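No lab work stands behind these numbers, since they all come straight from the coordinates. Everything numeric in this text was worked out from a predicted model, so none of it was measured. Every residue, glycine among them, receives a Cβ derived from its backbone with ideal geometry; neighbour counts consider all protein chains shown.
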Amino acid sequence: MRVLITGGYGFLGSWIVKDLFAGGHSIFLYDIKQDAERLEVVLNKDIIAQTTFCEGNVTDQDRLIRTIREHGITHIIHLAGLQVPTCRANPVLGAQVNVLGTLAIFEAYKECRNQVKRVVYASSAAVFGPPADYPAGPLSDDVRLTPSTNYGFYKICNEGNAKVYFLDHGMTSIGLRPWTVYGVGRDVGMTSEPTKAMKCMALHKPYHITYGGFQDLQYVADVARVFAHSLDVPFEGAKSYNLRGDVVDLQTLHQVFQKLEPEASKLITFGDRQIQIAYNLSDDAFQKEIGPLPKTTLSEGIFRTIKKFRKLEAEGRLDKKDIV
């Protein structure tokens, strides 16, 4: 495959590059600027050197089309987007990037149907409303969606438009809905705080997670594998899938921290505010129709993350701007 990744220099993009490279695929990173800071903490220099940078704004449909044709792109992973805080502060900008940018991707896909086979794009668990909006038990992909943020509604819009492109033009796409993705390189966004806590544990520094309650923690290597796998698994249509990792409350997460690092009992604290996104989501449909894929245990994922942070610190390469 020749894969174009929009927003490819970000946290998740870096891990997807790692997975795709291991599979022998050609990788093209489409972004506003070339910034390999996150790539460099996840990948070695040889892998980075074999990726191709394609400069462009995701809303620039003409440039997207030229890039796809010039590089013979066969598959697209669309990650580019603005996070919840930015969308709240500037809803118009959020819609331009998150909605119009996604439409530009599908329009470019339509114009290049002779070579592009599929788009896999990042939706979000933020399409769901508060836990109180739903009955007890794991929620399927197709329950009523009641988001409480502009960001969540932008993602619903994208999922709906993906279906329209399949109905009107037969264009196959898969949307994926991560929850709290953690791991090395996660430094922005509302749910980056567990990763920041792990970084502080590696440095023997205190950290306070500002929220509490339940969340679904998903190790980044697993999520990256889901995106890569979804590119070429047999599938036709347009559907969005829940992803699921370990659904735990902050008290349980803190206990896992302490088992791995006893000093976490004093270093790491957390609040009591429940994030207003339903957390008990079923991934049965994904595992049946797209998977099955194995999952890293919460303890193992946290262990690997702290170990990597310590290695980066020993090498003098650990970025600490996000925990100052």
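Summary table below
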| item | result |
| --- | --- |
| Debye, to nearest 20: dipole size of the chain, +1 on Lys, Arg Cβ, -1 on Asp, Glu Cβ | 440 |
| The range 130-176 and the range 273-324: distance between their alpha carbon centers, rounded to Å | 23 |
| Considering only the chain, percent of DSSP beta bridges that pair antiparallel, nearest 5 | 10 |
| Check: the range 201-258 dipole with +1 on Lys, Arg Cβ and -1 on Asp, Glu Cβ, in debye | 160 |
| Karplus (6.51, -1.76, 1.60) ³J(HN,Hα), θ = phi - 60°, over the range 288-294, in Hz, Gly and Pro reported as x | 7, 9, 10, x, x, 10, x |
| Computed over the range 2-323: relative contact order in percent, which uses C-alpha pairs under 8 Å that are six or more apart | 18 |
| Ratio Rg/Rh, restricted to the chain and using Cα atoms, in which Rh is the Kirkwood radius | 0.95 |
| Length released on extending from K288 to K117, taking residue separation times 0.36 nm less the Cα-Cα span | 59.4 nm |
| Rounded tilt (10° steps) of 101-111 against the dominant C-alpha axis of the chain | 30 |
